[in-house]
């Protein structure tokens, strides 16, 4: 399928990278010469320089033959206008990144088929990571009944030096799937004979009620918390605070800009402190220690990085930072940042499900890997119906992590048989995704 992307910034370049890896035909429209040249040098894509809303530029990009048109620049208005122009030229489906609430309401009448705003999902992820401080990834599937959790295996933990098969024997009364082990820059799909060592970054699928058991089994160093200190007063910070407050945590937001801090004080139940989030004296005065977690949620990578590093230096046991530059995230785990999140990746995850075939309900990527978790609904006619996992023939780069069947949640074993209507969660490396779709979708 031809996919046309307007914008070669963080969102556009990340989406292009994922889609090229899967063999999609990608065309990028970018007005900035430097951005256009950089992505042309890095990826095997057609780059058309110009205004993404210009009919002439869109024709040069072959938009009329595109199956999907993605407008993901930093300008809501430019994204909507580009979709309107593309729709007039016959593109099949348009998706626009739009954060302005008023513009979101009118976008469907302006040629936008799907509006994406990842701030809600980003806030939910930030809150989950705070509540499980020490976990590096946390994603829900099947209406929250299946969970993907990731973290670093600690020395001396039950998993250290043992195989997956050995660990399953210890998991009395429950079951888990090791989706992947990340060693350095290599992602290995988990198998029964996969041996786990301390320092490995593991990705585990488990029934939501057993997340705590999985964390303990793999020795992920989770800090029980009572207070969350949020650095930066963005909308995501406010939304995260609301979730945490509703779950009974104490929340303090530190925002330097006076007017923004005053606005937040009027509409948030969190404590608001107008101050520089990177001020060492301020952070020391907060007496950070056991029971605290620090979230860097400003809109600036450098502030989030510096604030979290300073907080760690003065006693914060766990820190989590938001980043726009996804490539930075994997470099920080050993320098005082325990977990990262990116609203850019969240935008991409929401958009990727529209690239997939029908019945793919959700998509989640895991930082430090080239893999995705896909939630797929099995329909009548799927080649997988009635087949057990041992005979399913999943490619080596994929593993089935969980099944939701009606009200039942199944963490599968070799003799588990798939049925019509099952929601299955597949963890797959990019080169295996096409084979997985052909295997499971009618």
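The values are calculated or read from the model by the stated rules, or taken from the named source; none is laboratory data. In this text, all values refer to a predicted model and were calculated from it rather than measured experimentally. Heads up, the Cβs are rebuilt from the backbone with ideal geometry, glycines too, and the neighbour counts pull from every protein chain shown.
Summary of values
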quantity: Any chance residue 273 is assigned to a strand (DSSP E or B) and either surrounded by fewer than 16 Cβ atoms within 10 Å (Cβ to Cβ) or at pLDDT 95 or above (or both); calculated: yes
quantity: Pairs with Cβ under 8 Å, 6+ apart, first in segment 142-154 and assigned by TED's automatic domain parsing to the domain that holds residue 424 and under 10 Å from residue 402 (Cα atoms), second at pLDDT 90 or above and in a strand (DSSP E or B); calculated: none
quantity: From the options 287, 235, residue that is at pLDDT 95 or above and either out of contact with any helix residue (DSSP H, G or I) (no Cβ under 7 Å at 6 or more places or on another chain) or surrounded by fewer than 18 Cβ atoms within 10 Å (Cβ to Cβ) (or both); calculated: 287
quantity: Failed item, numbered, when residue 369 is tested on (1) modelled with pLDDT of 90 or more; (2) touching a strand residue (DSSP E or B) at 6+ places or on another chain (Cβ under 6 Å); calculated: (1)
quantity: Checklist (1) over 24 Å from the mean Cα position of the chain (by Cα); (2) at pLDDT below 95 applied to residue 9, failing item; calculated: (1)
quantity: Residue that is modelled with the highest pLDDT, among those in segment 325-338 that are within 19 Å of the chain's Cα centre (by Cα) and surrounded by fewer than 18 Cβ atoms within 10 Å (Cβ to Cβ); calculated: 325
quantity: Lone unmet requirement of (1) in contact with a helix residue (DSSP H, G or I) (Cβ under 7 Å, 6 or more places away or on another chain); (2) under 30 Å from residue 71 (Cα atoms) for residue 395; calculated: (2)
quantity: Every pair of residues 6+ apart whose Cβ atoms lie under 6 Å, when the first sits in segment 166-177 and is under 15 Å from residue 208 (Cα atoms) while the second is part of a strand (DSSP E or B); calculated: 176/204; 176/206; 177/205; 177/401
quantity: Candidate set: segment 239-256, residues that are surrounded by fewer than 22 Cβ atoms within 10 Å (Cβ to Cβ) and touching a strand residue (DSSP E or B) at 6+ places or on another chain (Cβ under 8 Å); chosen: the one nearest to residue 299 (Cα to Cα); calculated: 256
quantity: Out of 222, 228, 293, 254, sole residue that is in contact with a helix residue (DSSP H, G or I) (Cβ under 8 Å, 6 or more places away or on another chain), outside any helix (DSSP H, G or I), closer than 23 Å to residue 366 by Cβ and at pLDDT 95 or above; calculated: 293
quantity: Residues (within 16 Å of residue 13 (Cβ to Cβ) and buried (at least 23 other Cβ atoms within 10 Å of the Cβ)) located in segment 36-72; calculated: 52, 70, 71, 72
quantity: Complete set of residues in segment 151-161 that are closer than 12 Å to residue 221 by Cα and buried (at least 17 other Cβ atoms within 10 Å of the Cβ); calculated: 151, 152, 153, 157
quantity: Of residues in segment 410-442 being part of a strand (DSSP E or B) and within 19 Å of the chain's Cα centre (by Cα), the one surrounded by the fewest Cβ atoms within 10 Å (Cβ to Cβ); calculated: 429
quantity: Residue ID - surrounded by the most Cβ atoms within 10 Å (Cβ to Cβ), chosen from residues in segment 91-109 that are touching a helix residue (DSSP H, G or I) at 6+ places or on another chain (Cβ under 6 Å) and farther than 22 Å from residue 31 by Cα; calculated: 107
quantity: Residue count, segment 85-107 (criterion: closer than 27 Å to residue 324 by Cα and either part of a helix (DSSP H, G or I) or outside the structural domain of residue 15 (by TED's automatic domain parsing) (or both)); calculated: 6
quantity: Any hit, segment 72-84, residues being part of a helix (DSSP H, G or I), out of contact with any helix residue (DSSP H, G or I) (no Cβ under 9 Å at 6 or more places or on another chain), modelled with pLDDT under 90 and assigned by TED's automatic domain parsing to the domain that holds residue 7; calculated: no
quantity: Selected residue (criterion: surrounded by the fewest Cβ atoms within 10 Å (Cβ to Cβ)) from residues of segment 301-323 that are over 22 Å from the mean Cα position of the chain (by Cα) and in a loop (DSSP other than H, G, I, E, B); calculated: 315
quantity: Count of segment 25-35 residues which are in contact (Cβ under 8 Å) with a residue 24 or more places away in the chain, outside any strand (DSSP E or B) and either buried (at least 18 other Cβ atoms within 10 Å of the Cβ) or more than 28 Å from the chain's Cα centre (by Cα) (or both); calculated: 1
quantity: Segment 162-217 - residue that is out of contact with any helix residue (DSSP H, G or I) (no Cβ under 8 Å at 6 or more places or on another chain) and in a loop (DSSP other than H, G, I, E, B) and, of those, surrounded by the most Cβ atoms within 10 Å (Cβ to Cβ); calculated: 200
